[in-house]
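The values are calculated or read from the model by the stated rules, or taken from the named source; none is laboratory data. Keep in mind the model is a prediction, meaning the values are calculated, not measured. All Cβ positions, even for glycine, are placed from backbone atoms using ideal geometry, and neighbour counts span all protein chains on display. Calculation scope for accessible area: heavy atoms of the full protein, side chains included, ligands and nucleic acids excluded. Shrake-Rupley method; radii C 1.70, N 1.55, O 1.52, S 1.80 Å.
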Amino acid sequence: MRWMTCGEEPPFYGNSKTKKDRSRAGAVPTALLAIGALASGCSDHKGVSDANFRSVLEPVVRDAFCQTIDLPIMVADGRTDNAVFPLTVPAKPPMFGSATHASMIAMLDDASRAGFLKRTAAAMPVKERGVSLPASRQPVVTYAPTDKAAPYFRSVERKTEVGMLPFPAVCAAKGELVDVIRWSEPVDLGGRRVSQVTYRFRGVEPLSIVPDKDKARMAEPKEATLPMVLESDGWRVMPR
């Protein structure tokens, strides 16, 4: 048996020799044609539809409750710049921005005491991510997520001057797309087709150490709108 390709007539239809035969063939339930189209993988990724916008929004919403951990990322010998967890940071606070450093370290230490992170202090050759200077031996602290913490302490991508890069983040909950509410008719903007898509999302499966009032706030569905642009392979969130 061979599945039909997109736009191909079913064999019994194409082989009918008379209008009467074709009429009989046309009486076959259209559900059979739909099954053939689905099985052949036919889909319009460029169409304006709930399904197409949903597939773009779900990865965006997933990180909606994640906050990047604003600390210098130290890279040990043998590790790449893109590996952010386990997270290694300087043991000593910087000369500037010490208040932010202290609050981030306090959050990581609290998570360690709660069993979400394994904290290890040591001295080793490291260098700061993105810095071309050679590695030097210095005191650092490494935070490694436990199995139960992996969905909450993970990397998220953020736009930088050199493109998208992974950053360590703590996620208070998992973002869930509730529904796609509406979208505007696509219009031409700078030679590209653009649509404003409005959707609703919420936070589910919150991190256990999050205060109850914040858990309740995240569970309430929220509405947001994003501009979508049509690319050659389908819809994408418009770069900012």
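Some points to look at:
- Of the candidates L230, L207, L133, the single residue that is open to solvent by 80 Å² or more (accessible area, probe 1.4 Å), among the hydrophobic types (A, V, I, L, M, F, W, C) and either in contact (Cβ under 8 Å) with a residue 12 or more places away in the chain or outside any strand (DSSP E or B) (or both) is L133.
- Complete set of residues in the range 210-227 that are part of a strand (DSSP E or B) and either touching a residue at least 60 places away in the same chain (Cβ under 8 Å) or not hydrophobic (A, V, I, L, M, F, W, C) (or both): K222, E223, T225, L226, P227
- Meets criteria (of a type in the set (G, A, S) and farther than 27 Å from R240 by Cα) for A51: no
- Neighbours by Cβ (under 7 Å, 6+ apart or cross-chain): first from the range 141-164, open to solvent by 80 Å² or more (accessible area, probe 1.4 Å); second acidic (D, E) and not in a helix (DSSP H, G or I): M164/E157
- Restricting attention to the range 77-103, the residues being surrounded by fewer than 18 Cβ atoms within 10 Å (Cβ to Cβ), within 27 Å of the chain's Cα centre (by Cα), closer than 25 Å to L133 by Cα and not basic (K, R) number 6.
- Entry remark, the range 182-202: residues being open to solvent by 30 Å² or more (accessible area, probe 1.4 Å), out of contact with any helix residue (DSSP H, G or I) (no Cβ under 9 Å at 6 or more places or on another chain) and part of a strand (DSSP E or B) number 8 in total.
- Being closer than 30 Å to A169 by Cβ and at pLDDT below 80 holds for only one residue in R113, R79, R2, R54, and it is R79.
- Yes/no for D109 being free of Cβ contacts under 8 Å to residues at least 12 places away in the same chain, over 30 Å from V48 (Cα atoms) and surrounded by 12 or more Cβ atoms within 10 Å (Cβ to Cβ): yes
- For the range 78-98, the count of residues that are more than 17 Å from L207 (Cβ to Cβ), of a type in the set (S, T, Y) and assigned to a helix (DSSP H, G or I) is at least one.
- Checking each residue in the range 117-140 for being at pLDDT below 95 and under 28 Å from the mean Cα position of the chain (by Cα) picks out E128, R129, G130, V131.
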